[in-house]
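For reference, the structure is listed below as structure tokens.
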Amino acid sequence: GAVVSQHPSWVICKSGTSVKIECRSLDFQATTMFWYRQFPKQSLMLMATSNEGSKATYEQGVEKDKFLINHASLTLSTLTVTSAHPEDSSFYICSARVIAGHETQYFGPGTRLLVL
Amino acid sequence: GEDVEQSLFLSVREGDSSVINCTYTDSSSTYLYWYKQEPGAGLQLLTYIFSNMDMKQDQRLTVLLNKKDKHLSLRIADTQTGDSAIYFCAEKWRVSGTYKYIFGTGTRLKVLA
């Protein structure tokens, strides 16, 4: 199956700093990637849809100036959490849309962010 | 509608069958999926079913879809300790010219040796 990687796998940062998370499709090109957030023992909440070469589409309630998404190439999307605060601590998961017969998505391993 | 409901926990003995249930609300779903998430990891696609199918079998996995009742189930035969994980169902539906995926609340499966 298609492989999606994320980097870093976990990060601890001080409140007020910015953190960049990378999502890469390793053996295929992905024009569309998705960014999710998962709180402990909860389901995934879609934050935004990242489209290569265009602006990301954010879900209702997600601040686009807080969570900056850049999808500059067909294999890389980045999520930058700007001026992170403790309430931004969460598990961030990306996925890449794959169309092979039908459309599905393959997930990265996730990035755990802890803001102190 | 965007609510996808699952029971929170399921505990079974090794070798028994597990049945994980999911109810969804949007009748325009095109595909429905089952994902597995192990601790601290991303989601692994297990299987999927097209909305015009009733059943799909894939080795130890059987997916049943009751479109009238908007009910989806995943049966794992001969459950093993390695099957312990959280299982998410997800529906894909079209909204405003694009596709959207809605995930269920997740069922934590614990397999007892």
Practice problem: Starting from region B:98-112, keep only residues that are farther than 17 Å from residue B:6 by Cβ, then list their pairs with residues that are β-branched (Val, Ile, Thr) and buried (at least 20 other Cβ atoms within 10 Å of the Cβ) whose Cβ atoms are within a distance under 7 Å, requiring at least 6 positions of separation or different chains. | Solution: B:111/B:79
Practice problem: Select the strands (runs of 3 or more DSSP E) contained entirely in region B:1-79, then report the ones holding at least 2 residues which are touching a residue at least 12 places away in the same chain (Cβ under 8 Å), more than 14 Å from chain A (Cβ to nearest Cβ) and under 13 Å from the mean Cα position of the chain (by Cα). | Solution: B:18-24, B:61-66, B:71-76
Quiz item: Can you tell me which residues in region A:3-32 are hydroxyl-bearing (Ser, Thr, Tyr) and either modelled with pLDDT under 95 or within 27 Å of residue A:100 (Cβ to Cβ) (or both)?
Solution: A:5, A:9, A:25, A:31, A:32
Quiz item: If you take the residues in region A:92-111 that are farther than 19 Å from residue B:29 by Cα and more than 8 Å from chain B (Cβ to nearest Cβ), which one is nearest to the chain's Cα centre (by Cα)?
Solution: A:94
Self-check item: Any chance residue A:114 is in contact with a Pro (Cβ under 9 Å, 6 or more places away or on another chain) and at negative phi
Solution: yes
Practice problem: Scan region A:48-60 residue by residue and report those that are of a type in the set (Gly, Ala, Ser), within 13 Å of another protein chain (Cβ to nearest Cβ) and surrounded by fewer than 17 Cβ atoms within 10 Å (Cβ to Cβ). | Solution: A:54
Quiz item: Which condition number does residue A:69 fail, the rest of (1) more than 22 Å from residue B:34 (Cβ to Cβ); (2) in contact with a Cys (Cβ under 9 Å, 6 or more places away or on another chain); (3) more than 12 Å from every other protein chain (Cβ to nearest Cβ); (4) buried (at least 18 other Cβ atoms within 10 Å of the Cβ) being met?
Solution: (2)
Self-check item: Top-ranked residue in region B:81-100 [being in contact with an Asp or Glu (Cβ under 7 Å, 6 or more places away or on another chain) and at pLDDT 85 or above; ranked as nearest to residue B:10 (Cα to Cα)]
Solution: B:85
Practice problem: Could you list, in sequence order, all residues of region A:23-47 that are more than 10 Å from chain B (Cβ to nearest Cβ), buried (at least 22 other Cβ atoms within 10 Å of the Cβ) and assigned to a strand (DSSP E or B)? | Solution: A:23, A:25, A:33, A:35, A:47
Quiz item: Considering only residues of region A:6-19 that are loosely packed, with under 15 Cβ neighbours inside 10 Å and in a strand (DSSP E or B), which is nearest to the other protein chains (Cβ to nearest Cβ)?
Solution: A:10
Quiz prompt | Restricting region B:51-91 to residues that are acidic (Asp, Glu) and on the phi < 0 side of the Ramachandran plot, the residue that is surrounded by the fewest Cβ atoms within 10 Å (Cβ to Cβ) | solution = B:69
Quiz item: Within region A:67-90, is even one residue touching a helix residue (DSSP H, G or I) at 6+ places or on another chain (Cβ under 7 Å), part of a strand (DSSP E or B) and among the β-branched types (Val, Ile, Thr)?
Solution: yes
Exercise. For region B:80-95, enumerate the residues that are more than 14 Å from every other protein chain (Cβ to nearest Cβ) and of a type outside the set (Asp, Glu).
Key: B:80, B:81, B:82, B:84
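The values are calculated or read from the model by the stated rules, or taken from the named source; none is laboratory data. The structure displayed is predicted, hence computed values, not measured ones. Positions of Cβ are backbone-derived with ideal geometry, glycine not excepted, and every protein chain shown enters the neighbour counts.
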